[in-house]
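Comments concern the structure below.
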Number of protein chains: 2
Amino acid sequence: MATVIVDVMLKQEIHDPQGEAVLSASHRLGFGAVKGVRQGKRFEVELEGPADGAALAAVEELARELLANPVIEEFSVHATE
Amino acid sequence: MATVIVDVMLKQEIHDPQGEAVLSASHRLGFGAVKGVRQGKRFEVELEGPADGAALAAVEELARELLANPVIEEFSVHATE
């Protein structure tokens with residue numbers, strides 16, 4: 001079994017209210033060095049067989065179709081070490 | 001400015017309804033090779049200064065206090081390359 005990671009984040013130009021909420025909470029808790037926070041989703045996808053090119057391509061297609069909204073989000077796919 | 005990544009996932013023994021929903025949707029879309037999906041959160045934390053030991057320790061404390069629920073979640077912290 002191979003595990004492929006898909007990280008989905010809002011595009012830079014998209015307003016991130018969740019990230020801002022975490023940022024202000026960080027400051028309230030005294031973490032003044034924190035200058036910005038962006039929040040996204042992380043998927044661990046388990047596949048039959050090795051994490052080869054074909055598997056990564058299939059997960060990329062899955063991400064495009066199901067895991068990310070291409071209008072406002074961008075994603076990256078990588079196999080776990 | 002340094003960017004430190006915090007990945008928060010449910011502990012293995014915790015039931016993951018979101019992951020299961022994504023798994024069944026994957027199968028409906030024809031991605032039969034997908035055997036399991038777990039969904040979590042990914043935070044990009046921007047800090048003043050370098051991503052040195054002190055910065056990573058501060059973000060680890062932030063994760064423990066704010067970003068993850070230690071009862072049901074586990075997290076990992078790493079600086080971006």
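Descriptive notes on the structure:
- Residue match in the range A:39-46 (condition: crowded, with 16+ Cβ neighbours inside 10 Å, closer than 18 Å to B:ARG42 by Cα, touching a strand residue (DSSP E or B) at 6+ places or on another chain (Cβ under 9 Å) and among the aliphatic types (A, V, I, L, M)): yes
- Counted residues, the range B:15-24 - those being over 26 Å from B:ALA63 (Cα atoms) and either surrounded by 13 or more Cβ atoms within 10 Å (Cβ to Cβ) or touching a strand residue (DSSP E or B) at 6+ places or on another chain (Cβ under 6 Å) (or both): 1
A quick yes/no check of all residues on (1) more than 11 Å from chain B (Cβ to nearest Cβ); (2) closer than 22 Å to B:ARG38 by Cα:
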| site | (1), (2) |
| --- | --- |
| A:MET1 | no, yes |
| A:LYS35 | no, no |
| A:GLU46 | no, yes |
| A:GLU74 | yes, yes |
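- Filter result for the condition that a residue is within 23 Å of B:VAL22 (Cα to Cα), modelled with pLDDT under 95, open to solvent by less than 70 Å² (accessible area, probe 1.4 Å) and out of contact with any Ser or Thr (no Cβ under 7 Å at 6 or more places or on another chain), over A:GLY53, A:GLY32: A:GLY53
- A:PRO70 open to solvent by 70 Å² or more (accessible area, probe 1.4 Å) and either over 13 Å from the mean Cα position of the chain (by Cα) or more than 30 Å from B:GLU46 (Cβ to Cβ) (or both): no
- Against the conditions (1) open to solvent by 40 Å² or more (accessible area, probe 1.4 Å); (2) within 8 Å of another protein chain (Cβ to nearest Cβ); (3) without any contact (Cβ under 8 Å) to a residue 40 or more places away in the chain; (4) not β-branched (Val, Ile, Thr), B:HIS27 satisfies every one except (2).
The values are calculated or read from the model by the stated rules, or taken from the named source; none is laboratory data. Source: prediction; values computed, not measured. All Cβ positions, glycine included, derive from the backbone under ideal geometry; neighbour counts span all protein chains shown. Accessible surface areas use protein heavy atoms only, side chains included; no ligands, DNA or RNA. Shrake-Rupley method; radii C 1.70, N 1.55, O 1.52, S 1.80 Å.
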